[in-house]
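Every read-out reported here was derived from the displayed coordinates using simple, explicitly stated rules and does not represent laboratory data. Note that this is a predicted model, so its numbers are computed, not measured. Please note: Cβ atoms are built from the backbone with ideal geometry, for glycine as well, and neighbour counts cover all protein chains shown.
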Amino acid sequence: MLLRLNYDNPHPKDIQFIVDCLKNDGVIIYPTDTVYSIGCDITRPKAIEKVCRLKNIKPEKANFSFVCSDLSHLSNYARPISNSLFRIMKKALPGPYTFILEANNNVPKLLKQNKKTVGIRVPDNTICKTIITELGNPIITTSLHNPNDDILDYFTDPEVIHREYEKKVDLVIDGGFGNVYASTVIDCSDDELVVLREGLGSLDILD
């Protein structure tokens, strides 16, 4: 199903429909401030397994991001961070960044296994933030790219995404054309910050 939403003012009934889908083990494709992503409710193990099958990866091998509406969820899934790192994250978010942090024991066991880190995202996207706020917890997320291309090519047209994935996911959310650049990924799990991928987010936040 393709559900078109108004970016600036998504209808509450549409948001509730999406939230109900997620709470019932649904897998959605939705817009962020970078590329379109595949996601599900972080508290639904069956849904996480569906996403993993879709991506053809094992849960313990997955590098999913936890997409949050704000930084209030930070302490739920990550170990305490320094004041200086918090200031950087506060300056960068919401925005096109993924921060890799030390995971705590609240990370779903299905995902954690031997992993010691977690990726935190707070996209600057009204639709995305509204869904997560109404859901009440983060969405497990992985970027959507075209598996038929040799290079990492991201889908941008929601109608093309729907044609490709309508039988593979429960819902495709049309929030307009997506970006062609993914988030900037910064590993903050050690003393020294390391840029793992330079994407849409500027590195000026580290100055």
Could you list the square roots of 5 times each eigenvalue of the Cα gyration tensor of the chain, that is, the equivalent ellipsoid semi-axes, sorted largest first and rounded to whole Å? 25, 19, 17
Using a simple spin-label model with points 7 Å from Cα along the Cα→Cβ vector, what separation in nm is obtained for Leu2 and Lys90? 4.3 nm
In debye, nearest 20: dipole of the chain around its Cα centre with unit charges on the Cβ of K, R (+) and D, E (-)? 880 debye
How many percent of DSSP beta bridges within the stretch 2-199 run antiparallel, rounded to 5? 65 percent
Under a GNM of the chain (C-alpha, springs under 10 Å), which listed residue has the highest mean-square fluctuation: Ser72, Ser37, Ser189? Ser72
In what sequence do Phe99, Phe177, Phe155 fall when counting other Cβ within 10 Å, fewest first? Phe177, Phe155, Phe99
For the chain, what is the mean residue ellipticity at 222 nm derived from helices alone (per DSSP H run of n ≥ 4: -39500 (n - 2.57); sum divided by total residues; nearest 500 deg cm²/dmol)? -8000 deg cm²/dmol
Neighbour counts of other C-beta atoms within 10 Å: give me Met89, Met1 arranged from fewest to most. Met1, Met89
Give the order of Tyr36, Tyr165, Tyr30, Tyr7 when sorted by the count of other beta carbons within 10 angstrom, beginning with the fewest. Tyr7, Tyr165, Tyr36, Tyr30
